[in-house]
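J.: Questions regarding the structure given below will be posed in turn.
What follows is calculated from the coordinates using simple rules that are stated; it is not laboratory data. Computed from a predicted structure; not experimentally measured. FYI the Cβ positions are ideal-geometry reconstructions off the backbone, even for glycines, and counts take in every protein chain you see.
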There are 2 protein chains.
Amino acid sequence: MSKAVSQAVDALRQLIFSGSLSPGSDHLEGELAEQLKISRTPVREALLVLEGQGLVTLRPRKGARIRPVSTTDMAEIYDVLTELESLAAADAAHAKLSRARLWPLFDAIERMDKALARKDRESWALADDDFHSALVALGNNSRITMIAQMMSDQVRRARMVTLHMRPLPTRSNDDHRAVADAILAGDAETARTLHHAHRRAAKKMLITLLETHHLKCV
Amino acid sequence: MSKAVSQAVDALRQLIFSGSLSPGSDHLEGELAEQLKISRTPVREALLVLEGQGLVTLRPRKGARIRPVSTTDMAEIYDVLTELESLAAADAAHAKLSRARLWPLFDAIERMDKALARKDRESWALADDDFHSALVALGNNSRITMIAQMMSDQVRRARMVTLHMRPLPTRSNDDHRAVADAILAGDAETARTLHHAHRRAAKKMLITLLETHHLKCV
DNA sequence: GCATATATTAACGTATACATTAAGCGCTGT
DNA sequence: ACAGCGCTTAATGTATACGTTAATATATGC
């Protein structure tokens, strides 16, 4: 991927995640090219990449549609993340890593603690993302890393909606700590099981929130 | 993705899977365009898609490199498939599907039996693919379906090497039948566990074969 | 007045022309 | 002879021009 194209990808991702390009909206190649001050060619290539990442769908003469993530989409995504992150946790434990190597995990947990103390949901969400991506990285499977990143991107957008609906996730960090401890102890099966349960609970919470949200919106 | 581009994608995939474009080889956009009798633009777009699918890597001035799949790549891929297919098996069982809905599964098993009786490894491989993709489809998670397809594509290439090295996989079909029966019985945990074990065994076998193959080649 | 056919147009899809860049090669100077 | 500089060149990356197609609107016939 060339420089300008990856810049375009980044710019479009930014616009999508910031909500400037809202889910469900259509955007013509020409308009996007004009906005980004480049020609249609790199825009087309960027859109193809984003389509591959599941962020947009390309439809002839309708432009690029920013893909809305439905409740069933979220369920699918969480199921994938549940399995793959749990494997990563098991693999990380199996690797018998030093405490130093696990620093990103414990650091994220600490930041979540602090954010919770300040009732700062945004900071908590960022640290939570960091925990999960650090966990996946420790699993040392590049395909899982890539897939998890794609899926997390889509989750992130839905969380914008739910972040302020839910109670402060104070108990969630107990889960994180337990998983990290199991990994440090080299107990693969415990790490896997705990993380699996953690993700399943998170899924259930999110789905419930989204459903009540949809009820309010309709 | 437009018609010509998807034709180009299909054509290139064909060339890759048939071995005409051998792993590790480099190919300039211009050459490929000439071969396919189209201009560079759709070729570029097709290559971007294939890069997203992990089949090629694009490097400026070196052309598109057909990605070789190393032993560690195969290990990564099998780990992903193991987790996601096992979840699909569990979900399929949970859905309490009728025997009619499970026909693709049992049909694939039957075809594998026949192929084994004829010692026809190619037919067996095709039916095995069918079994696994049918299983994933029954899981009813579009993301898992997509990921599994991508990963299977890469497995398929490596199997060309190993297909004639291994003993006829006569016992493998017992696994398949047990998984299918568990799904039919609606026993999710059994289906999951059995399939998980099946895939882990397959991974171990494949890795061993690839390693001895590399030894012979070096 | 409605339906159908046709014309217009706007957006996409493809080709091509042009700019950019990096790799290889040769030249020159020490 | 060797090192460093610059030129050539070939391939990519970007822009633009052109062909294609589908949607919309209008006109005509029933």
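J.: Straight-line reach from A:Lys37: which aspartates and glutamates fall under 17 Å, measuring Cα to Cα and dropping same-chain residues less than 8 apart?
T.: A:Asp10, A:Glu29, A:Glu45
J.: If the only charges are +1 at each Lys and Arg Cβ and -1 at each Asp and Glu Cβ, what is the size of the charge dipole of region B:108-189 around the Cα centre, to the nearest 20 debye?
T.: So the dipole magnitude of region B:108-189 works out to roughly 440 debye.
J.: For region B:187-211 and region B:17-61, what is the separation of their Cα centres, given in Å?
T.: Centre-to-centre distance over Cα atoms comes out at 33 Å.
J.: Have a look at A:Thr162, A:Met205, A:Val9 and report the one farthest towards the positive end of the charge dipole of the protein assembly as shown, computed about the Cα centre with Cβ charges (Lys/Arg +1, Asp/Glu -1).
T.: Final value for the positive-end residue is A:Val9.
J.: Regarding region A:71-217, what's the average projected area of the Cα-atom convex hull, expressed in nm²?
T.: 7.8
J.: A further question follows. Placing +1 at every Lys and Arg Cβ and -1 at every Asp and Glu Cβ, with all other atoms neutral, what dipole size does region B:3-66 have around its Cα centre, in debye to the nearest 20?
T.: 100
J.: Would you mind giving the mean number of other chain beta-carbons within 10 Å of the Cβ of each residue in B:196-204, as a whole number?
T.: Across B:196-204, the average partner-chain Cβ count within 10 Å equals 0.
J.: Same structure again: How would you classify region A:35-102 from its alpha-carbon gyration tensor, with a ≥ b ≥ c the square roots of the eigenvalues: rounded for a/c under 1.5, else prolate if a/b is greater than b/c, otherwise oblate?
T.: Taking the square roots of the gyration eigenvalues as a ≥ b ≥ c, region A:35-102 is oblate.
J.: Is the shape of region B:3-66 best called rounded, prolate or oblate, per the rule: a/c under 1.5 gives rounded, else a/b larger than b/c gives prolate, else oblate, with a ≥ b ≥ c the square roots of the Cα gyration tensor eigenvalues?
T.: rounded
J.: Let me ask something additional. Under a no-solvent Debye model with one identical scatterer per Cα of the protein assembly as shown, what's log10 I(q)/I(0) at q = 0.10, 0.13 Å⁻¹?
T.: -0.82, -1.36
J.: Suppose every Lys and Arg Cβ carries +1 and every Asp and Glu Cβ carries -1, with no other charges. What dipole size does chain B come out with about its Cα centre, to the nearest 20 debye?
T.: 420
J.: Just counting partner chain Cβ atoms within 10 Å, what average do the residues of peptide B:144-152 show around their Cβ?
T.: If you average over the peptide's residues, the count of other-chain Cβ atoms is 2.
J.: Say the cut-off is 29 Å between C-alpha atoms; which of A:Lys3/B:Lys203; A:Lys3/A:Lys203; A:Lys203/B:Lys96 go over it?
T.: Flagged as over cut-off: A:Lys3/B:Lys203; A:Lys3/A:Lys203.
J.: From the alpha carbon gyration tensor of region B:68-113, can you work out the equivalent ellipsoid semi-axes (sqrt of 5 times each eigenvalue) and give them in Å, largest to smallest?
T.: Rounded to whole Å, the semi-axes are 28, 16, 6.
J.: Now, a different point. From Cα pairs below 8 angstrom and at least 6 apart in sequence, can you work out the relative contact order of chain A, rounded to a whole percent?
T.: Reported as a whole number, the value is 24 percent.
J.: Residue by residue through A:87-99, how many Cβ atoms from other chains fall within 10 Å of the Cβ on average?
T.: Taking all residues of A:87-99 together, the mean is 1.
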